[in-house]
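Below you'll find the structure, written out as structure tokens, and then a few comments.
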Amino acid sequence: MGVVEQTMKAHPVLASLGKWNYTRALTLYAIEKVYERTHDLRYLHYVQGWADAHVSAKGEIDEPLVDLDNMLPGILMLSLYRDTGEERYRIAAQTIRRRFDTYPRTKDGGLWHGAGVEHTHQLWLDGMFMSMPFLVQYGEMFGDQKYAYREASKQLLLYASHLNDPKTGLLFHAYDELGTEPWAQPVTHHSSFFWGRSIGWYGVALVEVLETMPKNDPDRPKLMALVRQLAAAFERYQDPHTGLWFNVVDKADEPGNWLETSASSMFIYMLSKGVERGYIEPKYAGIACKGYRGMLTKLIANPEGRVSVTAICAGTVVGDLAYYLKRPANTDDLHGIGAFMLMSEQMKNTPCARTNASR
């Protein structure tokens, strides 16, 4: 039994998959992509069942939109409205879109990671995947392109302006506008380390936004340049033995650092999609393929045929090096399952893929 099928079996929608949350949305986004390929209604009904547990018949969402993380399920509202025509999904998506009009921002216009006490005045790379693919897809679906593309470009480029590191080609995890967080550098106010999954979130956001953005958009070349920069950094820091990437990406020799699978899956996804769409050179297909083969070594099958995804970093905030190194390496955490399924669905069209990897 492959990862998609067993995830559906292990998490009966109403019983155990859980609340309106970004990890659930990531996993269901991957399953939605399987539905788009197969047209197997079981996948659609699974996504819809979860959505209906959290969105009322009137389109009311059962969780407040107080942070960017809670915007990610909006991308499912769009696909469900497209696939079913049910008005509740359109209304829910519209609610999320309107939240951008009131959502708190830094002085230069960056969307805070969260409006709660803990994350005010902060930009986290994670937030770009949580919000920007939804926004551009909403704009395309409902004629709101002018705002959506400008906002998405602005946010992706603004985040990069605060978090980009030209020396490595990587991006720091977070930025604190006020500079009061213990992890904030005194002058730049960004954090000090390159945490893999945060960079993965940002890389996937880039290619997902570019997928929808018009080819003549004035900011498109700048976003493509960021994809190229990250691709070169991913090549530079890929572990030559396994094809994977470390939890703290640039510190392969640091005692306690470990090869992590959710970030690796996201890096592979960005590289493969980037090659497919012509954003980066064809040579990066080989980097993605090497990573994909490495990912398959992180799957463990038990005698009953169940496959587990291992070495997934637990949910992580911003911290010092010791904090990142000590994060638990979980098995079958939805951060990693969702990322693995998304990557596998993308890699199905590549020569190096094994057809039984994700199902």
>> If D108 satisfies all but one of (1) assigned to a helix (DSSP H, G or I); (2) open to solvent by 10 Å² or more (accessible area, probe 1.4 Å); (3) not aliphatic (A, V, I, L, M), what's the number of the condition it fails?
In response: (1)
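Considering each residue of the range 17-30, count those that are open to solvent by 50 Å² or more (accessible area, probe 1.4 Å) and either assigned to a helix (DSSP H, G or I) or touching a helix residue (DSSP H, G or I) at 6+ places or on another chain (Cβ under 6 Å) (or both), and give that number. First the steps, then the outcome.
Start the filter on the range 17-30 by keeping residues that are open to solvent by 50 Å² or more (accessible area, probe 1.4 Å), which leaves 19, 24.
From what's left, either assigned to a helix (DSSP H, G or I) or touching a helix residue (DSSP H, G or I) at 6+ places or on another chain (Cβ under 6 Å) (or both): 24.
Final tally of qualifying residues: 1.
Based on what the data block shows, is L259 out of contact with any Phe, Trp or Tyr (no Cβ under 7 Å at 6 or more places or on another chain) and either buried (at least 16 other Cβ atoms within 10 Å of the Cβ) or of a type outside the set (D, E) (or both)?
Working: out of contact with any Phe, Trp or Tyr (no Cβ under 7 Å at 6 or more places or on another chain): no; either buried (at least 16 other Cβ atoms within 10 Å of the Cβ) or of a type outside the set (D, E) (or both): yes.
Against the criterion (out of contact with any Phe, Trp or Tyr (no Cβ under 7 Å at 6 or more places or on another chain) and either buried (at least 16 other Cβ atoms within 10 Å of the Cβ) or of a type outside the set (D, E) (or both)), L259 does not qualify.
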>> Restricting to the range 60-98, name every residue that is assigned to a loop (DSSP other than H, G, I, E, B) and either open to solvent by less than 40 Å² (accessible area, probe 1.4 Å) or among the hydroxyl-bearing types (S, T, Y) (or both).
In response: L65, L72, P73
> Are any of the residues in the range 41-49 polar (S, T, N, Q) and assigned to a helix (DSSP H, G or I)?
Replying inline: yes
>> Tally up the residues in the range 11-53 that are among the hydroxyl-bearing types (S, T, Y) and more than 21 Å from the chain's Cα centre (by Cα), please.
In response: 2
> Of the residues P133, P182, which single one is modelled with pLDDT of 95 or more, touching an Asp or Glu at 6+ places or on another chain (Cβ under 9 Å) and not in a loop (DSSP other than H, G, I, E, B)?
Replying inline: P133
> Taking the range 165-184, which residues are free of Cβ contacts under 8 Å to residues at least 12 places away in the same chain and either of a type in the set (A, V, I, L, M) or open to solvent by less than 10 Å² (accessible area, probe 1.4 Å) (or both)?
Replying inline: A184
> Here are R197, R220: which of them is modelled with pLDDT of 95 or more, within 28 Å of Q238 (Cβ to Cβ) and touching a Cys at 6+ places or on another chain (Cβ under 7 Å)?
Replying inline: R197
>> Quick check on my filter: what residues within the range 141-164 are in contact with a Phe, Trp or Tyr (Cβ under 9 Å, 6 or more places away or on another chain) and crowded, with 16+ Cβ neighbours inside 10 Å?
In response: M141, D144, A148, E151, L156, Y159, A160, H162, L163, N164
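Could you identify the single residue in A322, A353, A311, A301 that is open to solvent by less than 20 Å² (accessible area, probe 1.4 Å) and small (G, A, S)?
Details: A322 fails: open to solvent by less than 20 Å² (accessible area, probe 1.4 Å); A353 fails: open to solvent by less than 20 Å² (accessible area, probe 1.4 Å); A301 fails: open to solvent by less than 20 Å² (accessible area, probe 1.4 Å).
Exactly one residue qualifies, and that residue is A311.
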> Is there a residue in the range 196-216 that is more than 21 Å from L135 (Cβ to Cβ), open to solvent by 20 Å² or more (accessible area, probe 1.4 Å) and not in a loop (DSSP other than H, G, I, E, B)?
Replying inline: no
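Being part of a helix (DSSP H, G or I), under 21 Å from the mean Cα position of the chain (by Cα), closer than 22 Å to A205 by Cα and without any contact (Cβ under 8 Å) to a residue 60 or more places away in the chain is the requirement here; does M8 meet it?
On the way: part of a helix (DSSP H, G or I): yes; under 21 Å from the mean Cα position of the chain (by Cα): yes; closer than 22 Å to A205 by Cα: no; without any contact (Cβ under 8 Å) to a residue 60 or more places away in the chain: yes.
Judged against the criteria, M8 is not a match.
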>> Please verify whether Y292 is modelled with pLDDT of 95 or more and farther than 21 Å from K33 by Cα, treating the condition exactly as stated.
In response: no
>> Looking for something of a type in the set (F, W, Y), part of a helix (DSSP H, G or I), within 16 Å of the chain's Cα centre (by Cα) and surrounded by 15 or more Cβ atoms within 10 Å (Cβ to Cβ) - is there at least one such residue anywhere in the range 267-274?
In response: yes
>> Return the residues of the range 31-59 that are under 16 Å from A10 (Cα atoms) and open to solvent by less than 50 Å² (accessible area, probe 1.4 Å); say none if nothing qualifies.
In response: I31, Y43, Y46, V47, G49, W50
> Going through the range 260-318 one residue at a time, which ones are acidic (D, E) and in contact with a strand residue (DSSP E or B) (Cβ under 7 Å, 6 or more places away or on another chain)?
Replying inline: E260
> What is the one condition in (1) more than 19 Å from L171 (Cβ to Cβ); (2) among the acidic types (D, E); (3) modelled with pLDDT of 95 or more that D250 does not satisfy?
Replying inline: (1)
> Across the range 233-266, what is the number of residues that are under 17 Å from the mean Cα position of the chain (by Cα), in a loop (DSSP other than H, G, I, E, B) and more than 19 Å from Y284 (Cβ to Cβ)?
Replying inline: 1
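The values are calculated or read from the model by the stated rules, or taken from the named source; none is laboratory data. Predicted model, so just to flag it, every value in this text is computed and none were measured. Every residue, glycine among them, receives a Cβ derived from its backbone with ideal geometry; neighbour counts consider all protein chains shown. Please note that ligands, DNA and RNA were not included when accessible areas were found on the heavy atoms of the full protein model with its side chains. Shrake-Rupley method; radii C 1.70, N 1.55, O 1.52, S 1.80 Å.
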